[in-house]
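The values are calculated or read from the model by the stated rules, or taken from the named source; none is laboratory data. Just so we're clear, the structure is a prediction, and the values are computed from it rather than from any experiment. Cβ placement follows ideal geometry from the backbone for every residue including glycine, while neighbour counts extend to all protein chains displayed.
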Amino acid sequence: MSEENVLSNKIEMKKVWQLLGIIAVTAIIWNLPITCFGIEGLTVIQQRVIAIFVFATLSWLFEAIPSWATSLAIISVMCLTLSDNSIACFKGEGEAFGELLKSKDIMATFANPVIMLFLGGFILAIAATKSGLDVLLAKNLIRPFGNKSENVLLGFLLITGVFSMFVSNTATAAMMLTFLTPVFAALPANGKGRIALTMSIPIAANIGGMATPIGTPPNAIALQALNEQLHLNISFGQWMSFMFPLVIIILFISWRLILKFFPFTQKTIELKIEGHVSHGWRMWVVCITFIVTILMWLLDRVTGVDANTVAIIPMGVFALTGVINGKDLQKIDWSVIWMVAGGFALGLGMNGTGLADRAIESIPFGDFSPIAILLISGLICYFLSNFISNTATAALLVPILAVVCTGMGDKLGAIGGTSTIIIGIALAASSAMCLPISTPPNAIAFSTGLVKQNDMLKTGITMGIISMVLGYTVLYFIGKAGLIG
């Protein structure tokens, strides 16, 4: 047996033991006497939700199984043990047992309106790639920046940032790094220019995703909690109205920072972006649909059609016109969809079973300092998101913080309201980008071999701190002004 196979087997066995350990811990919590939790009035159903939450936390943290598999396991276990269609041995009656959830509600997390929003974003991205609209935009958008090296860097930062607002940041990073290949040929191999351009892609992709609800999964999780659990009714356009300017400012700061860390030795670069561009009627269909969809997202308060419903427009148009087909649907990142659904299911479990209300009664959240909650939640999210999926981190923290925010009531006015904390989680998750494993764009950039881990570490930490400080400051002031929530 080769050394590679031996190592692979060791890793596989390690994951098996980790999974067995997680299952054992979950089983213990599932079967502990209720009095051990110290929560007055805790029911059997609520105890099961706590156990499932622990399973999710440990599974996402240690990655013993893929993140999407954890989410599917959460929903499956909830349907079989917490719903009105549970296996007979898991059913019970009485006040001490608690109220079962409706299985339809649990299954509906797979088709939550926010899931439709994400599917619309994925379909737009596939159509753009298939028609060559992404190449056409990249070629024409980079042209105004000229041939001066530092301006070319700014161009790639801004274009990547804007693309990642509406397209998966992973897909954006992969596409933009492809466009950089001919640019590298015009740069000296021993200079820092190549590092600067390579680092610009993951930085811009991670930051750009903050600007829209579909930019990154943590945004969708935060928006769903704000609108459906806390009834704050924040629209797509409203989100962009304060996050888009913030993102542009952070991108300009990252431009100067990258130039400071990795200065160009060559002052000019000859740009050649190649790629197939369709010039048929389908390109016009994609362009018009793109414009209409984005305008309707931005003007959802004016049109009266919410962002989730607007997301169905590109699906219907592209399917009817043949722009996308059955094979194209296989390109959708379904693992992200399942991840998001798992987070929604956890939120449903905490709220639907009354566990959230019970926690509020048992823990005096109202006595906690709003500033402490804001800072601690942001730092925990930032730390975890550097090591595990930022979607998993948001899926774990947002349901808890929705409970905390409810418990604190009007006291959160001191920091701008509930929205400051919940949107802050999405912002902190996207700010975590200091390691190759922190985000897929980081991993893609690191795989080029042009960026060393310490390069990514110093750039990622510095930009993470800057984006969090600026982001939380903006959230605080617009919250205080009553512009959100």
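Tell me yes or no: at least one residue of region 103-124 is touching a helix residue (DSSP H, G or I) at 6+ places or on another chain (Cβ under 6 Å) and at positive phi.
no
Can you tell me which residues in region 126-146 are out of contact with any Lys or Arg (no Cβ under 9 Å at 6 or more places or on another chain) and among the small types (Gly, Ala, Ser)?
Ala128, Gly132, Ala138, Gly146
Can you go through Ile28, Ile23, Ile45, Ile11 and tell me which one is touching an Asp or Glu at 6+ places or on another chain (Cβ under 8 Å) and either assigned to a helix (DSSP H, G or I) or closer than 22 Å to Val340 by Cα (or both)?
After ruling out the rest, the residue left standing is Ile45.
Could you check region 274-296 and list, in sequence order, the residues that are at pLDDT below 80 and in contact with a helix residue (DSSP H, G or I) (Cβ under 6 Å, 6 or more places away or on another chain)? First the steps, then the outcome.
Step one: list which residues in region 274-296 are at pLDDT below 80, which gives 274-280.
Passing the criteria: Gly275, Val277, Ser278.
Of all the residues that make up region 57-67, how many are assigned to a helix (DSSP H, G or I) and at pLDDT 85 or above?
Going through region 57-67 one residue at a time, the tally reaches 2.
Just to check your reading of the model, which residue among Gly342, Gly352, Gly409 is in contact with a strand residue (DSSP E or B) (Cβ under 7 Å, 6 or more places away or on another chain) and of a type outside the set (Asp, Glu)?
Every option except Gly352 fails the conditions.
In this structure, does Asn227 turn out to be assigned to a loop (DSSP other than H, G, I, E, B) and closer than 20 Å to Ala402 by Cβ?
So Asn227 does not fit the description; no.
Pull up region 83-119, narrow it to residues that are touching a Ser or Thr at 6+ places or on another chain (Cβ under 7 Å) and assigned to a helix (DSSP H, G or I), then point me to the one that is farthest from Ile159 (Cα to Cα).
Top of the filtered list is Phe90.
Determine which member of the set Val183, Val167, Val152 is more than 19 Å from Val247 (Cβ to Cβ), at pLDDT below 80 and assigned by TED's automatic domain parsing to the domain that holds Phe290.
Val183
Quick check: is even one residue across region 140-148 surrounded by 17 or more Cβ atoms within 10 Å (Cβ to Cβ) and within 20 Å of Thr293 (Cβ to Cβ)?
For region 140-148, residues surrounded by 17 or more Cβ atoms within 10 Å (Cβ to Cβ) and within 20 Å of Thr293 (Cβ to Cβ): absent.
When the residues of region 44-54 are filtered to those that are farther than 19 Å from Glu95 by Cβ and surrounded by fewer than 21 Cβ atoms within 10 Å (Cβ to Cβ), which remaining residue is modelled with the lowest pLDDT?
The initial filter retains those residues of region 44-54 that are farther than 19 Å from Glu95 by Cβ, namely 51-54.
Now drop any that are not surrounded by fewer than 21 Cβ atoms within 10 Å (Cβ to Cβ), which leaves 51, 53-54.
Working: Ala51: 94, Phe53: 86, Val54: 89.
Among them, the one singled out is Phe53.
With the requirement that a residue be modelled with pLDDT of 90 or more, farther than 27 Å from Pro66 by Cβ and surrounded by 15 or more Cβ atoms within 10 Å (Cβ to Cβ), what does region 1-43 give you?
Thr43
Would you confirm whether any residue within region 360-368 is in contact (Cβ under 8 Å) with a residue 60 or more places away in the chain and buried (at least 16 other Cβ atoms within 10 Å of the Cβ)?
no
Taking region 442-476, which residues are of a type in the set (Ser, Thr, Tyr), part of a helix (DSSP H, G or I) and exposed (fewer than 15 other Cβ atoms within 10 Å of the Cβ)?
Thr473 - this is the single residue of region 442-476 that is of a type in the set (Ser, Thr, Tyr), part of a helix (DSSP H, G or I) and exposed (fewer than 15 other Cβ atoms within 10 Å of the Cβ).
Can you pull out the residues in region 72-97 that are out of contact with any Leu (no Cβ under 9 Å at 6 or more places or on another chain), buried (at least 16 other Cβ atoms within 10 Å of the Cβ) and polar (S, T, N, Q)?
Once the filter is applied, which keeps residues that are out of contact with any Leu (no Cβ under 9 Å at 6 or more places or on another chain), buried (at least 16 other Cβ atoms within 10 Å of the Cβ) and polar (S, T, N, Q), region 72-97 yields only Thr81.
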